[in-house]
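Heads up: the structure comes next, in structure tokens.
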Amino acid sequence: MINLTDKTGQKLTFAQTLQKGWKRVGAIFLDAKLMLLRWTGHIPSHALRKTIYRLAGVKIGKGSTLHMWANFFQTHNIVIGQDTIIGDHCFLDGRAPLKIGDHTAIASQVLIYNSEHNVHHPHFAAIEEPVEIGDYVFIGARAIILPGVKIGNGAVVAAGAVVAKDIPEKTIVGGVPAREIGKREIPLNYRLGRARLFQ
């Protein structure tokens, strides 16, 4: 008789083994889907990319766009509002809900995570928490947003900042970890306009 065990050496029943097998098959299909979406990022047409991203499960509001070379982990939990522009090479994590508001500008190479490993768990298990980014937010290039963060309407995240805690509305933050460096004192009623062509 074959002894069935998991990666930690724990014995498994046949039903548990079958369940793990189906999970592995699902992971392979997910990896293939993410690879196709990565290839989609090379298409220099906003309309075609948006259509494919929507078919993959990303909810994208009217007038919003993702520039080229976006990457994803899961797509069905990602909601992007209206008139929002997401820069090139951004990473959007959909393993838990990710909501991005209206009229929000996210610069190039921003990384938004809503899942991370628990370094204190004996099996290095994942912790998943939703991320919410409000309306009229600006996130500078190469900023990192960590799981569980809520960014209020009109907030600004400086380039290169690492955001690990909630940001109140109209607050400007910067640094590692991000701390308040100012306030935004303007009325928030602008439109971002169209995205750059062929990007």
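The values are calculated or read from the model by the stated rules, or taken from the named source; none is laboratory data. Predicted model only: the values in this text are computed from it and were never measured. In this analysis, Cβ positions are derived from the backbone assuming ideal geometry, glycine residues included, and neighbour counts consider all displayed protein chains.
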**Message:** For the list (1) in contact with a Gly (Cβ under 9 Å, 6 or more places away or on another chain); (2) within 23 Å of W69 (Cβ to Cβ); (3) of a type in the set (A, V, I, L, M, F, W, C); (4) modelled with pLDDT of 95 or more, I need the number of the one condition that L92 fails.
**Reply:** (1)
**Prompt:** Is at least one residue of segment 82-92 surrounded by 14 or more Cβ atoms within 10 Å (Cβ to Cβ) and farther than 25 Å from L197 by Cβ?
**Reply:** no
**Item:** First in segment 51-68 and on the phi > 0 side of the Ramachandran plot, second anywhere and outside any loop (DSSP other than H, G, I, E, B), Cβ under 7 Å, 6 or more apart
**Value:** none
**Prompt:** Can you tell which of G174, G160, G152, G182 is at pLDDT 95 or above and in contact with an Asp or Glu (Cβ under 7 Å, 6 or more places away or on another chain)?
**Reply:** G152
**Message:** Looking at segment 87-109, can you tell me whether even one residue there is closer than 27 Å to L34 by Cα and of a type in the set (K, R)?
**Reply:** yes
**Prompt:** Is there a residue in segment 70-80 that is within 18 Å of A155 (Cα to Cα) and either surrounded by fewer than 21 Cβ atoms within 10 Å (Cβ to Cβ) or of a type in the set (G, A, S) (or both)?
**Reply:** no
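Okay, residues lined up against (1) touching a Pro at 6+ places or on another chain (Cβ under 6 Å); (2) assigned to a strand (DSSP E or B); (3) farther than 13 Å from R184 by Cβ; (4) without any contact (Cβ under 8 Å) to a residue 24 or more places away in the chain:
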{"site": "Q109", "(1), (2), (3), (4)": "no, no, yes, no"}
{"site": "H123", "(1), (2), (3), (4)": "no, no, yes, no"}
{"site": "I127", "(1), (2), (3), (4)": "no, yes, yes, yes"}
{"site": "D135", "(1), (2), (3), (4)": "no, no, no, no"}
{"site": "A141", "(1), (2), (3), (4)": "no, no, yes, no"}
{"site": "G148", "(1), (2), (3), (4)": "no, no, yes, no"}
{"site": "G154", "(1), (2), (3), (4)": "no, no, no, no"}
{"site": "G160", "(1), (2), (3), (4)": "no, no, yes, yes"}
